[in-house]
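The block underneath contains the structure these notes are about, expressed in C-alpha coordinates.
The values are calculated or read from the model by the stated rules, or taken from the named source; none is laboratory data. These numbers come from a predicted model, not from an experiment. In this analysis, Cβ positions are derived from the backbone assuming ideal geometry, glycine residues included, and neighbour counts consider all displayed protein chains. Ligands, DNA and RNA are excluded from the accessible area calculation, which covers all protein heavy atoms including side chains. Shrake-Rupley method; radii C 1.70, N 1.55, O 1.52, S 1.80 Å.
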Amino acid sequence: MKTIINDKFMLNSKTAVELYENFAKDMPIIDYHCHLDPKMVALDHRFSDVGELMLGGDHYKWRAMRSFGIEEKYITGDASGREKFRAFAKMLTYAIGNPLYHWTHLELKRYFGIDEPLTEESADRIFDRCGELLASDGYTARGLVERSGVEVICTTDDPADSLEWHKMIKESDFSTKVLPTFRPDKAVAIQKDTFLPYIESIGVKSYDELKTWLLSRIDHFHKNGCRIADHGLDFMPYAEGDAAAVFADVLSGKKPSDKEMQAYMTDLIIFCGKEYAKRGWCMQIHVGATRNNNTAMYRAIGADTGYDAIGDSQLAVQLSKIMDAMELEDLLPKTILYSLNPNDTYTLATLMGAFQKAPFKSKIQLGSGWWFNDQRDGMEAQLRAYGNLGVLGGFVGMLTDSRSFISYPRHEYFRRILCNLIGTWVENGEYPDDREALGKIIRGICYENAKEYFNF
(Lines give C-alpha, C1' and ligand atoms only; values in the text may rest on other atoms or scores of the structure.)
Protein backbone atom coordinates (compact mmCIF):
# COMPACT_ATOMS: atom_id res chain seq x y z
CA MET A 1 0.00 0.00 0.00
CA LYS A 2 1.41 3.38 -1.00
CA THR A 3 2.43 5.79 1.76
CA ILE A 4 1.35 9.43 1.70
CA ILE A 5 4.54 10.70 3.34
CA ASN A 6 6.92 11.34 0.47
CA ASP A 7 9.25 14.13 -0.63
CA LYS A 8 6.41 16.08 -2.23
CA PHE A 9 3.97 15.69 0.65
CA MET A 10 1.86 18.89 0.85
CA LEU A 11 4.14 20.60 -1.68
CA ASN A 12 2.08 21.25 -4.78
CA SER A 13 4.56 22.96 -7.07
CA LYS A 14 8.15 22.63 -8.21
CA THR A 15 9.00 25.91 -6.48
CA ALA A 16 7.47 24.73 -3.20
CA VAL A 17 9.52 21.53 -3.29
CA GLU A 18 12.73 23.45 -3.95
CA LEU A 19 12.05 26.01 -1.23
CA TYR A 20 11.38 23.28 1.32
CA GLU A 21 14.38 21.15 0.37
CA ASN A 22 16.82 24.07 0.20
CA PHE A 23 15.72 26.35 3.02
CA ALA A 24 13.35 24.67 5.49
CA LYS A 25 13.91 20.94 5.74
CA ASP A 26 17.10 20.83 7.76
CA MET A 27 16.72 23.89 9.98
CA PRO A 28 17.00 23.25 13.74
CA ILE A 29 13.87 23.54 15.89
CA ILE A 30 13.27 26.08 18.62
CA ASP A 31 10.19 24.87 20.49
CA TYR A 32 9.45 28.06 22.41
CA HIS A 33 6.11 26.88 23.82
CA CYS A 34 5.34 23.31 24.84
CA HIS A 35 4.09 21.23 27.74
CA LEU A 36 6.75 18.53 27.90
CA ASP A 37 7.49 17.26 31.40
CA PRO A 38 11.03 18.34 32.35
CA LYS A 39 11.23 15.47 34.82
CA MET A 40 10.90 13.00 31.94
CA VAL A 41 13.78 14.75 30.18
CA ALA A 42 15.92 14.92 33.30
CA LEU A 43 15.45 11.21 34.05
CA ASP A 44 15.62 10.29 30.35
CA HIS A 45 12.33 8.43 30.48
CA ARG A 46 12.04 5.21 28.49
CA PHE A 47 8.57 4.53 27.11
CA SER A 48 6.96 1.17 27.78
CA ASP A 49 5.40 0.95 24.32
CA VAL A 50 4.21 3.09 21.42
CA GLY A 51 0.77 3.32 23.01
CA GLU A 52 2.25 5.27 25.91
CA LEU A 53 4.49 7.30 23.61
CA MET A 54 1.92 8.21 20.97
CA LEU A 55 -1.29 8.44 23.00
CA GLY A 56 -0.23 9.38 26.52
CA GLY A 57 -1.42 12.89 27.35
CA ASP A 58 -2.42 13.67 23.75
CA HIS A 59 -5.93 15.07 24.06
CA TYR A 60 -6.06 15.77 20.30
CA LYS A 61 -6.06 12.01 19.73
CA TRP A 62 -8.37 11.36 22.66
CA ARG A 63 -11.03 13.68 21.24
CA ALA A 64 -10.93 11.93 17.87
CA MET A 65 -11.24 8.52 19.50
CA ARG A 66 -14.28 9.65 21.48
CA SER A 67 -15.80 11.05 18.29
CA PHE A 68 -15.53 7.55 16.80
CA GLY A 69 -17.42 6.01 19.70
CA ILE A 70 -14.46 4.38 21.43
CA GLU A 71 -14.97 3.63 25.12
CA GLU A 72 -12.99 5.71 27.62
CA LYS A 73 -11.31 2.53 28.84
CA TYR A 74 -9.29 2.55 25.61
CA ILE A 75 -8.51 6.27 25.79
CA THR A 76 -7.61 7.32 29.34
CA GLY A 77 -8.67 4.15 31.11
CA ASP A 78 -6.90 0.99 32.22
CA ALA A 79 -6.65 -0.80 28.87
CA SER A 80 -3.14 -1.87 27.85
CA GLY A 81 -0.98 0.18 25.54
CA ARG A 82 -1.57 -2.33 22.76
CA GLU A 83 -5.34 -2.17 23.19
CA LYS A 84 -5.32 1.61 23.13
CA PHE A 85 -3.13 1.65 20.04
CA ARG A 86 -5.46 -0.77 18.27
CA ALA A 87 -8.45 1.42 19.13
CA PHE A 88 -6.67 4.51 17.84
CA ALA A 89 -5.71 2.72 14.63
CA LYS A 90 -9.29 1.62 14.09
CA MET A 91 -10.41 5.26 14.23
CA LEU A 92 -7.55 6.73 12.21
CA THR A 93 -8.57 5.23 8.87
CA TYR A 94 -11.74 7.31 9.03
CA ALA A 95 -10.04 10.58 10.10
CA ILE A 96 -9.70 11.91 6.56
CA GLY A 97 -9.26 15.69 6.65
CA ASN A 98 -8.05 15.66 10.27
CA PRO A 99 -4.41 16.73 10.79
CA LEU A 100 -4.03 13.75 13.13
CA TYR A 101 -3.90 11.53 10.07
CA HIS A 102 -0.90 13.39 8.73
CA TRP A 103 0.78 13.91 12.10
CA THR A 104 0.51 10.23 13.01
CA HIS A 105 2.05 9.06 9.76
CA LEU A 106 4.80 11.66 10.00
CA GLU A 107 5.55 10.35 13.51
CA LEU A 108 5.69 6.75 12.31
CA LYS A 109 7.85 7.66 9.31
CA ARG A 110 10.32 10.00 10.98
CA TYR A 111 10.91 8.07 14.21
CA PHE A 112 10.32 4.46 13.20
CA GLY A 113 10.85 4.37 9.43
CA ILE A 114 7.33 3.00 8.92
CA ASP A 115 5.76 3.85 5.57
CA GLU A 116 2.58 1.84 5.59
CA PRO A 117 -0.70 3.40 6.77
CA LEU A 118 -1.76 2.70 10.33
CA THR A 119 -4.99 0.72 10.16
CA GLU A 120 -6.84 -1.79 12.28
CA GLU A 121 -5.12 -4.54 10.27
CA SER A 122 -1.60 -3.13 10.56
CA ALA A 123 -1.85 -1.98 14.19
CA ASP A 124 -0.30 -5.02 15.89
CA ARG A 125 2.52 -5.27 13.37
CA ILE A 126 3.36 -1.58 13.75
CA PHE A 127 3.02 -1.77 17.54
CA ASP A 128 5.57 -4.59 17.68
CA ARG A 129 8.02 -2.89 15.30
CA CYS A 130 7.88 0.34 17.30
CA GLY A 131 8.32 -1.66 20.51
CA GLU A 132 11.56 -3.19 19.21
CA LEU A 133 12.96 0.25 18.48
CA LEU A 134 11.77 1.77 21.75
CA ALA A 135 13.81 -0.87 23.60
CA SER A 136 16.97 0.17 21.74
CA ASP A 137 19.42 3.03 22.23
CA GLY A 138 18.32 6.47 21.09
CA TYR A 139 14.62 6.05 21.78
CA THR A 140 14.38 7.50 25.28
CA ALA A 141 12.90 10.96 25.93
CA ARG A 142 16.25 12.64 25.26
CA GLY A 143 17.03 10.46 22.29
CA LEU A 144 13.75 11.33 20.60
CA VAL A 145 14.35 15.05 21.15
CA GLU A 146 17.88 14.84 19.75
CA ARG A 147 16.65 12.77 16.81
CA SER A 148 14.22 15.64 16.06
CA GLY A 149 16.94 18.28 15.76
CA VAL A 150 15.63 20.38 18.65
CA GLU A 151 17.96 23.14 19.82
CA VAL A 152 15.77 24.71 22.54
CA ILE A 153 12.70 23.55 24.48
CA CYS A 154 10.70 25.94 26.63
CA THR A 155 8.47 24.10 29.07
CA THR A 156 5.46 25.63 30.87
CA ASP A 157 5.97 26.04 34.60
CA ASP A 158 4.20 27.38 37.66
CA PRO A 159 5.99 30.17 39.57
CA ALA A 160 6.21 27.92 42.65
CA ASP A 161 8.20 25.28 40.76
CA SER A 162 11.65 24.66 42.20
CA LEU A 163 13.02 24.10 38.66
CA GLU A 164 15.04 21.19 40.03
CA TRP A 165 14.60 19.17 36.84
CA HIS A 166 15.74 22.05 34.66
CA LYS A 167 18.84 22.39 36.82
CA MET A 168 19.55 18.67 36.53
CA ILE A 169 19.21 18.83 32.74
CA LYS A 170 21.54 21.84 32.53
CA GLU A 171 24.20 20.02 34.53
CA SER A 172 23.98 16.95 32.29
CA ASP A 173 25.47 16.35 28.85
CA PHE A 174 22.13 16.78 27.06
CA SER A 175 22.71 18.86 23.93
CA THR A 176 19.25 20.52 23.88
CA LYS A 177 18.60 23.54 26.08
CA VAL A 178 15.52 22.97 28.26
CA LEU A 179 14.38 26.28 29.72
CA PRO A 180 11.44 27.12 31.97
CA THR A 181 8.54 29.43 31.06
CA PHE A 182 6.89 31.50 33.77
CA ARG A 183 3.10 30.89 33.82
CA PRO A 184 1.36 32.57 36.78
CA ASP A 185 -2.22 31.63 35.86
CA LYS A 186 -3.10 30.22 39.28
CA ALA A 187 -2.20 33.54 40.91
CA VAL A 188 -4.07 35.59 38.30
CA ALA A 189 -7.36 33.67 38.01
CA ILE A 190 -8.94 34.94 41.22
CA GLN A 191 -12.39 33.75 40.14
CA LYS A 192 -11.45 30.06 40.05
CA ASP A 193 -11.78 27.46 42.78
CA THR A 194 -8.04 26.84 42.57
CA PHE A 195 -7.14 30.40 43.65
CA LEU A 196 -7.48 30.22 47.44
CA PRO A 197 -5.73 26.85 47.82
CA TYR A 198 -2.89 28.18 45.67
CA ILE A 199 -2.51 31.39 47.67
CA GLU A 200 -2.52 29.35 50.88
CA SER A 201 0.13 27.00 49.49
CA ILE A 202 2.55 29.84 48.73
CA GLY A 203 1.97 31.46 52.13
CA VAL A 204 1.10 35.06 51.22
CA LYS A 205 -1.39 37.11 53.23
CA SER A 206 -1.76 40.32 51.21
CA TYR A 207 -1.60 41.59 47.65
CA ASP A 208 1.71 43.31 48.30
CA GLU A 209 3.13 40.03 49.60
CA LEU A 210 1.87 38.27 46.48
CA LYS A 211 3.61 40.77 44.19
CA THR A 212 6.80 40.50 46.23
CA TRP A 213 6.62 36.72 45.98
CA LEU A 214 6.01 36.81 42.21
CA LEU A 215 8.93 39.18 41.78
CA SER A 216 11.20 36.78 43.66
CA ARG A 217 10.01 33.90 41.49
CA ILE A 218 10.57 35.89 38.30
CA ASP A 219 14.14 36.46 39.43
CA HIS A 220 14.52 32.76 40.26
CA PHE A 221 13.25 31.78 36.82
CA HIS A 222 15.50 34.33 35.14
CA LYS A 223 18.57 32.91 36.89
CA ASN A 224 17.58 29.50 35.55
CA GLY A 225 17.41 30.59 31.93
CA CYS A 226 13.77 31.67 31.60
CA ARG A 227 13.19 34.34 28.96
CA ILE A 228 9.47 33.81 28.26
CA ALA A 229 6.30 34.24 30.31
CA ASP A 230 2.89 32.93 29.36
CA HIS A 231 -0.58 33.99 30.44
CA GLY A 232 -3.38 31.58 29.61
CA LEU A 233 -6.63 33.53 29.91
CA ASP A 234 -10.12 32.16 29.33
CA PHE A 235 -11.15 35.74 28.53
CA MET A 236 -9.37 39.08 28.23
CA PRO A 237 -9.98 41.20 31.37
CA TYR A 238 -9.82 44.93 31.80
CA ALA A 239 -11.15 47.08 34.61
CA GLU A 240 -9.81 49.73 36.97
CA GLY A 241 -10.10 49.29 40.71
CA ASP A 242 -8.34 48.46 43.97
CA ALA A 243 -6.66 45.11 43.38
CA ALA A 244 -5.34 44.93 46.94
CA ALA A 245 -8.85 45.36 48.37
CA VAL A 246 -10.24 42.70 46.03
CA PHE A 247 -7.49 40.30 47.08
CA ALA A 248 -8.23 40.92 50.77
CA ASP A 249 -11.96 40.45 50.26
CA VAL A 250 -11.48 37.14 48.46
CA LEU A 251 -9.17 35.89 51.22
CA SER A 252 -11.91 36.72 53.74
CA GLY A 253 -14.38 34.59 51.79
CA LYS A 254 -16.15 37.21 49.68
CA LYS A 255 -16.91 36.38 46.05
CA PRO A 256 -15.70 39.18 43.72
CA SER A 257 -18.00 40.91 41.26
CA ASP A 258 -17.08 40.74 37.59
CA LYS A 259 -15.60 44.24 37.74
CA GLU A 260 -13.59 43.46 40.88
CA MET A 261 -12.32 40.22 39.37
CA GLN A 262 -11.21 42.00 36.23
CA ALA A 263 -9.63 44.87 38.16
CA TYR A 264 -7.49 42.42 40.10
CA MET A 265 -6.50 40.44 37.01
CA THR A 266 -5.72 43.61 35.05
CA ASP A 267 -3.47 45.03 37.73
CA LEU A 268 -1.54 41.79 38.21
CA ILE A 269 -1.03 41.18 34.48
CA ILE A 270 0.29 44.71 34.03
CA PHE A 271 2.56 44.34 37.06
CA CYS A 272 4.02 41.12 35.70
CA GLY A 273 4.34 42.50 32.16
CA LYS A 274 6.43 45.43 33.32
CA GLU A 275 8.76 43.10 35.18
CA TYR A 276 9.13 40.94 32.08
CA ALA A 277 10.06 44.02 30.05
CA LYS A 278 12.74 45.03 32.56
CA ARG A 279 14.42 41.65 32.00
CA GLY A 280 14.04 41.52 28.23
CA TRP A 281 11.55 38.65 28.37
CA CYS A 282 8.79 37.89 25.91
CA MET A 283 5.20 37.72 27.16
CA GLN A 284 2.82 35.29 25.51
CA ILE A 285 -0.92 35.89 25.87
CA HIS A 286 -3.20 32.96 25.08
CA VAL A 287 -6.88 33.80 25.17
CA GLY A 288 -10.16 32.44 23.87
CA ALA A 289 -10.61 28.97 25.35
CA THR A 290 -13.63 27.72 27.22
CA ARG A 291 -12.33 24.93 29.40
CA ASN A 292 -13.67 21.78 31.05
CA ASN A 293 -17.05 22.02 29.35
CA ASN A 294 -18.06 18.50 30.31
CA THR A 295 -18.44 18.64 34.09
CA ALA A 296 -18.97 14.91 34.53
CA MET A 297 -15.76 14.06 32.70
CA TYR A 298 -13.85 16.86 34.43
CA ARG A 299 -14.81 15.31 37.75
CA ALA A 300 -13.87 11.85 36.48
CA ILE A 301 -10.49 12.45 34.81
CA GLY A 302 -9.57 16.11 35.38
CA ALA A 303 -8.42 19.01 33.21
CA ASP A 304 -6.52 18.95 29.90
CA THR A 305 -8.18 15.74 28.78
CA GLY A 306 -9.95 16.92 25.63
CA TYR A 307 -13.06 18.70 26.86
CA ASP A 308 -12.10 22.27 26.01
CA ALA A 309 -13.47 24.36 23.15
CA ILE A 310 -13.26 27.76 21.46
CA GLY A 311 -14.65 30.74 23.39
CA ASP A 312 -16.22 33.84 21.90
CA SER A 313 -15.66 36.65 24.41
CA GLN A 314 -14.52 40.09 23.24
CA LEU A 315 -10.90 41.07 23.61
CA ALA A 316 -9.93 44.05 21.40
CA VAL A 317 -10.56 46.96 23.78
CA GLN A 318 -9.43 45.09 26.88
CA LEU A 319 -6.16 43.86 25.38
CA SER A 320 -5.44 47.27 23.85
CA LYS A 321 -5.83 48.99 27.22
CA ILE A 322 -3.58 46.51 29.00
CA MET A 323 -0.86 46.83 26.37
CA ASP A 324 -1.23 50.62 26.34
CA ALA A 325 -0.85 50.83 30.12
CA MET A 326 2.54 49.13 29.85
CA GLU A 327 3.60 51.08 26.76
CA LEU A 328 2.86 54.41 28.49
CA GLU A 329 5.78 53.62 30.82
CA ASP A 330 7.88 52.16 27.99
CA LEU A 331 7.52 48.79 29.70
CA LEU A 332 5.55 46.77 27.17
CA PRO A 333 7.58 43.58 26.71
CA LYS A 334 8.00 41.69 23.49
CA THR A 335 4.61 40.08 23.13
CA ILE A 336 3.07 37.20 21.19
CA LEU A 337 -0.72 37.29 20.83
CA TYR A 338 -2.80 34.15 20.35
CA SER A 339 -6.53 33.59 20.30
CA LEU A 340 -8.14 30.20 20.06
CA ASN A 341 -11.00 31.83 18.15
CA PRO A 342 -10.02 32.29 14.49
CA ASN A 343 -12.48 35.19 14.28
CA ASP A 344 -9.98 37.16 16.40
CA THR A 345 -7.03 36.73 14.03
CA TYR A 346 -7.42 40.04 12.20
CA THR A 347 -8.18 41.85 15.46
CA LEU A 348 -4.88 40.65 16.92
CA ALA A 349 -2.97 41.31 13.69
CA THR A 350 -4.10 44.94 13.57
CA LEU A 351 -3.50 45.43 17.29
CA MET A 352 -0.03 43.99 16.76
CA GLY A 353 0.71 46.81 14.33
CA ALA A 354 -0.37 49.47 16.83
CA PHE A 355 2.43 48.61 19.29
CA GLN A 356 5.47 47.84 17.13
CA LYS A 357 8.60 49.69 18.20
CA ALA A 358 12.24 49.97 17.15
CA PRO A 359 14.81 48.58 17.53
CA PHE A 360 12.90 45.29 17.66
CA LYS A 361 12.01 43.49 14.46
CA SER A 362 8.34 42.53 14.87
CA LYS A 363 8.33 43.21 18.62
CA ILE A 364 4.66 42.27 18.76
CA GLN A 365 3.88 38.95 17.07
CA LEU A 366 0.73 37.28 15.81
CA GLY A 367 1.07 33.82 17.31
CA SER A 368 1.07 30.71 15.16
CA GLY A 369 -2.11 28.73 14.64
CA TRP A 370 -2.85 27.57 18.18
CA TRP A 371 -4.51 24.35 19.37
CA PHE A 372 -7.65 23.88 17.26
CA ASN A 373 -6.04 26.09 14.59
CA ASP A 374 -2.74 24.25 14.15
CA GLN A 375 -3.91 22.48 11.01
CA ARG A 376 -3.44 23.41 7.36
CA ASP A 377 -6.40 25.78 7.06
CA GLY A 378 -5.59 27.47 10.38
CA MET A 379 -1.89 27.81 9.61
CA GLU A 380 -2.53 29.22 6.16
CA ALA A 381 -5.08 31.67 7.57
CA GLN A 382 -2.59 32.86 10.19
CA LEU A 383 0.19 33.22 7.61
CA ARG A 384 -2.07 35.13 5.23
CA ALA A 385 -3.25 37.45 8.01
CA TYR A 386 0.34 38.07 9.11
CA GLY A 387 1.30 38.77 5.49
CA ASN A 388 -1.67 41.04 4.87
CA LEU A 389 -1.28 43.13 8.01
CA GLY A 390 2.32 42.79 9.16
CA VAL A 391 5.77 41.77 7.92
CA LEU A 392 5.60 38.01 7.50
CA GLY A 393 9.37 37.73 7.17
CA GLY A 394 9.67 38.73 10.84
CA PHE A 395 7.44 35.92 12.16
CA VAL A 396 8.98 33.64 14.82
CA GLY A 397 7.26 30.56 13.40
CA MET A 398 5.90 27.32 14.74
CA LEU A 399 5.75 25.70 18.18
CA THR A 400 4.42 22.34 19.33
CA ASP A 401 2.19 23.30 22.32
CA SER A 402 2.38 19.58 23.03
CA ARG A 403 2.97 17.03 25.79
CA SER A 404 4.30 14.48 23.31
CA PHE A 405 7.97 13.70 22.68
CA ILE A 406 7.20 12.81 19.07
CA SER A 407 5.20 15.91 18.14
CA TYR A 408 8.16 17.57 16.40
CA PRO A 409 7.03 16.52 12.91
CA ARG A 410 4.42 19.25 13.39
CA HIS A 411 7.27 21.61 12.59
CA GLU A 412 7.81 19.72 9.33
CA TYR A 413 4.07 19.92 8.66
CA PHE A 414 4.17 23.70 9.23
CA ARG A 415 7.29 24.16 7.12
CA ARG A 416 5.76 22.30 4.21
CA ILE A 417 2.61 24.43 4.45
CA LEU A 418 4.74 27.59 4.62
CA CYS A 419 6.83 26.65 1.58
CA ASN A 420 3.76 25.57 -0.37
CA LEU A 421 2.04 28.91 0.29
CA ILE A 422 5.10 30.99 -0.57
CA GLY A 423 5.79 28.79 -3.58
CA THR A 424 2.26 29.46 -4.81
CA TRP A 425 2.78 33.21 -4.47
CA VAL A 426 6.04 32.97 -6.42
CA GLU A 427 4.57 30.85 -9.21
CA ASN A 428 1.60 33.22 -9.45
CA GLY A 429 4.00 36.10 -10.04
CA GLU A 430 3.16 37.78 -6.74
CA TYR A 431 6.78 37.72 -5.53
CA PRO A 432 9.98 37.42 -7.60
CA ASP A 433 11.75 34.07 -7.80
CA ASP A 434 14.68 35.51 -5.87
CA ARG A 435 16.12 32.52 -4.04
CA GLU A 436 18.42 34.58 -1.85
CA ALA A 437 15.52 36.69 -0.54
CA LEU A 438 13.20 33.70 -0.29
CA GLY A 439 15.83 31.74 1.59
CA LYS A 440 16.22 34.52 4.16
CA ILE A 441 12.45 34.67 4.68
CA ILE A 442 11.96 30.92 5.04
CA ARG A 443 15.03 30.26 7.20
CA GLY A 444 13.97 33.18 9.37
CA ILE A 445 10.44 31.91 9.93
CA CYS A 446 11.61 28.34 10.50
CA TYR A 447 14.42 29.11 12.95
CA GLU A 448 16.50 32.28 12.78
CA ASN A 449 13.84 34.80 13.82
CA ALA A 450 13.00 32.84 16.97
CA LYS A 451 16.65 32.52 17.91
CA GLU A 452 17.12 36.29 17.58
CA TYR A 453 13.78 37.30 19.11
CA PHE A 454 14.10 35.22 22.28
CA ASN A 455 17.87 35.75 22.51
CA PHE A 456 18.58 32.07 23.16
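A few remarks follow.
- Selection from the range 152-177 of residues that are closer than 20 Å to Ser402 by Cα and among the acidic types (Asp, Glu): Asp157, Asp158, Asp161
- Cross-chain or 6+ apart pairs with Cβ under 6 Å, the range 206-228 first and within 20 Å of Thr335 (Cβ to Cβ), then among the charged types (D, E, K, R) and part of a helix (DSSP H, G or I): Ile218/Glu275
- Filter result for Thr76 (surrounded by fewer than 18 Cβ atoms within 10 Å (Cβ to Cβ), part of a loop (DSSP other than H, G, I, E, B) and touching a residue at least 24 places away in the same chain (Cβ under 8 Å)): no
- Summed over the range 109-134, residues that are touching a residue at least 60 places away in the same chain (Cβ under 8 Å) and among the aliphatic types (A, V, I, L, M) total 2.
- Filtering the range 101-115 to residues that are surrounded by fewer than 20 Cβ atoms within 10 Å (Cβ to Cβ), modelled with pLDDT of 95 or more and out of contact with any Cys (no Cβ under 8 Å at 6 or more places or on another chain) leaves Tyr101, Lys109, Arg110, Gly113.
- Scanning the range 326-367 for residues that are more than 25 Å from Leu268 (Cβ to Cβ), hydroxyl-bearing (Ser, Thr, Tyr) and touching a strand residue (DSSP E or B) at 6+ places or on another chain (Cβ under 8 Å) yields a single hit, Thr345.
- Sole exception among (1) surrounded by 18 or more Cβ atoms within 10 Å (Cβ to Cβ); (2) closer than 24 Å to Asp374 by Cα; (3) in contact with a Ser or Thr (Cβ under 7 Å, 6 or more places away or on another chain); (4) of a type outside the set (D, E, K, R) for Gly81, by number: (2)
- Of all residues making up the range 338-387, the number that are surrounded by 20 or more Cβ atoms within 10 Å (Cβ to Cβ), in contact with a Pro (Cβ under 8 Å, 6 or more places away or on another chain) and part of a helix (DSSP H, G or I): 1
- Residues (in contact with a Leu (Cβ under 9 Å, 6 or more places away or on another chain) and open to solvent by 10 Å² or more (accessible area, probe 1.4 Å)) located in the range 131-148: Gly138, Tyr139, Thr140
So that you can scan it fast, the table gives a plain yes or no per residue for (1) under 25 Å from the mean Cα position of the chain (by Cα); (2) more than 26 Å from Asp401 (Cα to Cα):
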residue	(1), (2)
Thr76	yes, no
Gly81	no, no
Ala89	no, no
Tyr94	no, no
Glu121	no, yes
Glu132	no, yes
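- Cβ separations smaller than 9 Å between residues 6+ apart or across chains give the following pairs from the range 384-411 residues that are in contact (Cβ under 8 Å) with a residue 24 or more places away in the chain and closer than 19 Å to Phe47 by Cβ to residues that are part of a helix (DSSP H, G or I) and of a type in the set (Val, Ile, Thr): Phe405/Val41; Phe405/Val145; Tyr408/Val145.
- Among the residues listed as Met168, Met236, the single one being outside any strand (DSSP E or B) and either at pLDDT below 95 or open to solvent by 40 Å² or more (accessible area, probe 1.4 Å) (or both): Met168
- Options Ile310, Ile270; residue that is out of contact with any Phe, Trp or Tyr (no Cβ under 7 Å at 6 or more places or on another chain) and either at pLDDT 95 or above or surrounded by fewer than 23 Cβ atoms within 10 Å (Cβ to Cβ) (or both): Ile270
- Scanning the range 43-69 for residues that are over 23 Å from the mean Cα position of the chain (by Cα) and closer than 16 Å to Tyr101 by Cβ turns up Ser67, Phe68.
- Residue, surrounded by the fewest Cβ atoms within 10 Å (Cβ to Cβ), within the range 402-427, restricted to residues that are modelled with pLDDT of 95 or more and among the charged types (D, E, K, R): Glu427
- Condition check for Glu151: in contact with a strand residue (DSSP E or B) (Cβ under 9 Å, 6 or more places away or on another chain), open to solvent by 40 Å² or more (accessible area, probe 1.4 Å) and not in a loop (DSSP other than H, G, I, E, B): yes
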